[in-house]
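Participant: Structure in structure tokens, see below.
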Amino acid sequence: MLHRGTGNLVLTEEGIRAINNSLGNLVMDSGAKAALLLDKSGQLIAAQGETNALDTMSLSALITGSFGSNKAIANLVGETEFRRMFQQGQSSSIYMAQLVTHDLIAVIFSNAITVGKIKFRVDQMLDTLNQQMQAMYNSTPEAPFRAAPSAGPKLSDLF
Amino acid sequence: MALINYASREINCKIVYYGTGLGGKTTNLEYIFKQLAPGIRGEMISLATETERTLFFDFLPLDLGSVQGFKTKFSLYTVPGQVEYNASRKLILNGVDGIVFVADSQREKMAENIESMRNMEENLSEYGLTLESVPYVLQYNKRDLGNISTFEELEAAINPRGVSSFEAVAVEGSGVFATLKAVSKAVLNRLS
Ligand SMILES: Nc1nc2c(ncn2[C@@H]2O[C@H](COP(=O)(O)OP(=O)(O)O)[C@@H](O)[C@H]2O)c(=O)[nH]1
Ligand SMILES: [Mg+2]
């Protein structure tokens, strides 16, 4: 049994398949380059589209950080949070939205596509993603490691 | 909170270096970055001010390879120590799996260390976490300097629970990997 103190998020194979399917559809329907799903601690849950050229780990940490700092900005102007964010670049842009689980979806798209279209498609997909992520949080955790101490030698090799 | 992916058989854990400003948190990450091969560590990202003080966070991803059939990755973060950046510190603790508390051993920093520890507990409590629920280790840094508290004094002041603690000179790298190894083990032990 896993410690739930820090509330681990367990991604099951079916769960991930469903989410990849949603993200894949979103990329296809909107014409976006890539769609990422990030958990609230800044880690990548899933990604679809042209992700090979992306440093998804750094992107996840930075997007989550910027979303969080914007929440603080929201508080300063009397809002509890900004649920959507849009970053516009020269040739591509990023649209971000928060799920009810506080995880984030980030869509990277070429400026040949309007942000309105991306926003529309993301909004269409949000309910499904909300349900899929809530199902994951509700799934029964199972310990990935049978015995902990065997991590010891591995760490000694590395560091 | 660890992200455990049974589809890709990957585990991602978040480790945060916490502590008073200028205590040596960023220096720890810089040393780890320098020492590890590029295959094991990713690029280090530092969101710093022009005077090189951490503004938001430093981030360094590590790939520990396969542990019991799971590709195991750690994300190391540091927080900004400046008192006025508490919002950033709180944010970075979101979803934390393990903490390294870096204390500055200089005598005149003792009160700041104690305050930073108190601030950390307060920020953890916002996520429903306590120092009982999150594994953490201590690092007593800057042991090379002259006017420093003894190991026993530091233990008495900021280690009431008697967790693992390490003396370090982060600028030279001493104690850096011992600290990282201890927190890594503590975090991985939680997953069994
Ligand atoms: N003498 C000494 N200086 C250190 C040591 N570790 C870090 N420093 C210095 O302390 C200053 C602050 O370090 P930094 O890592 O930026 O602190 P942070 O605010 O905790 O991230 C820098 O000038 C470091 O070179 C140490 O072990 N001994
Ligand atoms: Mg720093």
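The values are calculated or read from the model by the stated rules, or taken from the named source; none is laboratory data. Here the structure is a predicted model, which means the values were calculated and not measured. Don't worry about glycine lacking a Cβ; one is built from the backbone with ideal geometry, like all the others, and counts go over all protein chains shown. The accessibility values were calculated without ligands, DNA or RNA, using every heavy atom of the protein model including side chains. Shrake-Rupley method; radii C 1.70, N 1.55, O 1.52, S 1.80 Å.
Participant: For chain B, take the longest principal axis of its alpha carbons; what is the angle in degrees between that and the long axis of helix B:110-125, to the nearest 10 within 0 to 90?
Facilitator: 40 degrees
Participant: Kindly identify the protein assembly as shown as rounded, prolate or oblate by the Cα gyration tensor criterion: order the square roots of the eigenvalues as a ≥ b ≥ c, call it rounded if a/c is under 1.5, otherwise compare a/b with b/c, prolate if a/b is larger, else oblate.
Facilitator: The shape class here is prolate.
Participant: What lysines does A:K117 reach when the alpha-carbon gap must be under 24 Å and sequence neighbours fewer than 8 apart in one chain are set aside?
Facilitator: The reachable lysines, counting only those whose Cα sits under 24 Å from A:K117, are A:K33.
Participant: I'd like the FRET efficiency for A:T128 and B:N86, computed as 1/(1 + (r/R0)^6) with the beta carbon distance as r and R0 of 35 Å, rounded to 0.05.
Facilitator: 0.45
Participant: If you don't mind, another one. Classify the stretch B:127-192 as rounded, prolate or oblate from the Cα gyration tensor: take a ≥ b ≥ c as the square roots of its eigenvalues, call it rounded if a/c is under 1.5, otherwise prolate when a/b beats b/c and oblate if not.
Facilitator: Cα axes put the stretch B:127-192 in the oblate bin.
Participant: Right, here's the next one. Using 0.36 nm per residue, how much length does the chain from A:Y137 to A:R83 gain when fully extended, once their Cα-Cα distance is taken away?
Facilitator: Length gained, A:Y137 through A:R83: 17.4 nm.
Participant: Then there's this: A:K119 versus B:A7, label points 7 Å from Cα toward the beta carbon: distance in nm?
Facilitator: According to this spin-label approximation, the distance is 2.9 nm.
Participant: Return the average number of partner chain Cβ atoms within 10 angstrom of each residue Cβ along peptide A:64-73.
Facilitator: 4
Participant: Something else about it: With unit charges on the beta carbons (Lys and Arg positive, Asp and Glu negative) and the dipole taken about the Cα centre of the protein assembly as shown, which residue among A:I113, B:L3, B:N119 sits farthest to the positive side?
Facilitator: Farthest along the dipole direction, towards plus: A:I113.
Participant: Here's a follow-up. Please give the peptides A:126-132, B:24-30, B:164-170 ranked by average Cβ packing (other Cβ atoms within 10 Å per residue), highest first, as a rough proxy for protection.
Facilitator: The most tightly packed comes first, giving B:24-30, B:164-170, A:126-132.
Participant: Provide a whole-number value for the mean count of partner chain Cβ atoms within 10 Å of the Cβ atoms in peptide A:9-16.
Facilitator: For this peptide, the per-residue mean of nearby foreign Cβ atoms is 5.
Participant: Go through A:34-40, B:105-111 and give me the packing order, highest mean Cβ count within 10 Å leading.
Facilitator: Most protected by this proxy first, the peptides run A:34-40, B:105-111.
Participant: Let me ask something else. When the accessible area of the stretch A:13-135 is split by element with a 1.4 Å probe, what percent falls to carbon and sulfur?
Facilitator: Exposed carbon and sulfur together represent 51 percent of the surface.
Participant: Got a sec? Which residues of the stretch B:1-24 lose 40 Å² or more of accessible surface with every protein chain in place, vs. that chain alone, 1.4 Å probe?
Facilitator: B:M1, B:L3, B:I4, B:N5, B:Y6, B:A7
Participant: On to the next question. Express the accessible area of the stretch B:3-190 per residue in Å², computed with a 1.4 Å probe while the remaining protein chains stay in the model.
Facilitator: In whole numbers, the stretch B:3-190 has 38 Å² accessible per residue.
Participant: Work out from phi, with θ = phi - 60° and the Karplus expression 6.51 cos²θ - 1.76 cosθ + 1.60, the ³J(HN,Hα) of each residue of the stretch B:164-180, listed in order in whole Hz, and give x for Gly and Pro.
Facilitator: 4, 9, 9, 7, 9, 10, 4, 4, 9, x, 5, x, 5, 6, 4, 5, 4
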